[in-house]
Each structure stands twice: as C-alpha cells, then as structure tokens.
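Each remark here refers to the structure printed beneath this line.
Just so it is clear, none of the values below were taken in a lab; they were calculated from the coordinates. The structure displayed is predicted, hence computed values, not measured ones. Because the Cβ atoms are built from the backbone with ideal geometry, glycine has one as well, and the counts that use them run over all protein chains shown.
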Amino acid sequence: MPSVRFRLNGVGKDIDADPDRSLLDILRGQLGMIGPHFGCGAGECGACNVIIDDRAVAACDTPFWSVAGKDVTTIEGLGNAERPHPLQRAFIAEQALQCGYCASGILMSAAALLKRNPAPTSREVKEALDGNLCRCGSHNRMVRAVLRAAKEMATG
C-alpha cells in the first residue's frame, strides 16, 4: 500500500492507506480525528470541512492522495479547552452553536476565511459560510461570531 506524507495539525504524517479512500475516512477511521463529521458524503453540507493549505475543503470527497505534501488542519488543530482559538471563544460568547453537528465544519470555513481575509465584511462571512448547512437557525449569530473573532484577532 502506498504511503502519503502530509502535515496534520502541524505534525508530519506518513500514512500507509489506499490513496483513493476519502480524506475524511482516513482522518476519522485511521487517525482518530473525530471533529470532521460525515454529513452528506458529496461535499455539499460542509460538516466535514477541514483546511487544506488555507482553504476550507470537504474531506468527504477529497481523495487521500491529494493531500500529499500539504498542510491539513482539523478542528482539533484549531484550538483546545486550555487555549481556544478566537473563533471558538466568539462562537461561545455569541451562542452561535446549538446541536453542534455542523460546528467544526463552520469553524473551519470561518478560520480559512480569516486566514485569507482578516477583516471580512458581513457579506464576505456569509459567502464563506454559504457551503455549510445548518438547520438550527443560528446563522446570524455565526456571522456575528466570525466578525467578533476577526476584531479580537486584529487587536491581538
């Protein structure tokens, strides 16, 4: 079985696996990254979004071979309980989460946006989160949370 080398949450990995398996399958099943969730399986809902080289990507329809030599970040690499990322703090402060199933994908989409654009407008946030489905109805709070995190990150 061929080996794929990449960086996961800043740590080099050399994984032997079928290169045609989905990145999501490898992350969850082989590497224990349970943050990205399986949703639609077709790259349409955003529940499995991860960041690959500064872009939010659906891991469910990304072939594992395609991450060779790239940086992959999951929600586990964004922050933790002791040192939460500003987005995580802002989502809590704005009460922007309800059931939480879509949360990691939305946070990864927002983090990718803030890497590319540290001062987005409300419209740009909405566009960045457009590929993430959430049935809980907290979209306005999510947008406020991303804008809040952007301000916190700007002031350091």
Ala119: net charge of surrounding residues, Cβ under 14 Å, Lys/Arg +1, Asp/Glu -1, itself excluded? +3
Net charge of neighbours whose Cβ lies under 13 Å from the Cβ of Glu94, counting Lys and Arg as +1 and Asp and Glu as -1: +4
From the phi angles alone, apply the Karplus equation (6.51, -1.76, 1.60; θ = phi - 60°) to the range 74-79 and give each ³J(HN,Hα) in whole Hz, x where the residue is Gly or Pro. 9, 4, 5, x, 7, x
Tell me, Val146, Val67, Val4 in order of fewest to most beta-carbon neighbours within 10 Å? Val4, Val67, Val146
Could you give the length gained on full extension between Thr155 and Asp16, defined as 0.36 nm per residue of separation minus the Cα-Cα distance, in nm? 45.8 nm
So how far, in whole Å, is the C-alpha centre of the range 1-78 from the one of the range 108-125? 21
Tilt of helix 103-116 relative to the longest C-alpha principal axis of the chain, in degrees (0 to 90, nearest 10)? 80
Quick check: pseudo-label points 7 Å beyond the Cα along Cα→Cβ at Glu82 and Asp61, how many nm apart are they? 3.9
Theoretical ellipticity at 222 nm over the chain - DSSP helices of four or more residues, -39500 (n - 2.57) apiece, nearest 500: -9500 deg cm²/dmol
Extension gain, Arg123 back to Cys136 (0.36 nm per residue minus Cα-Cα distance, nm): 2.7 nm
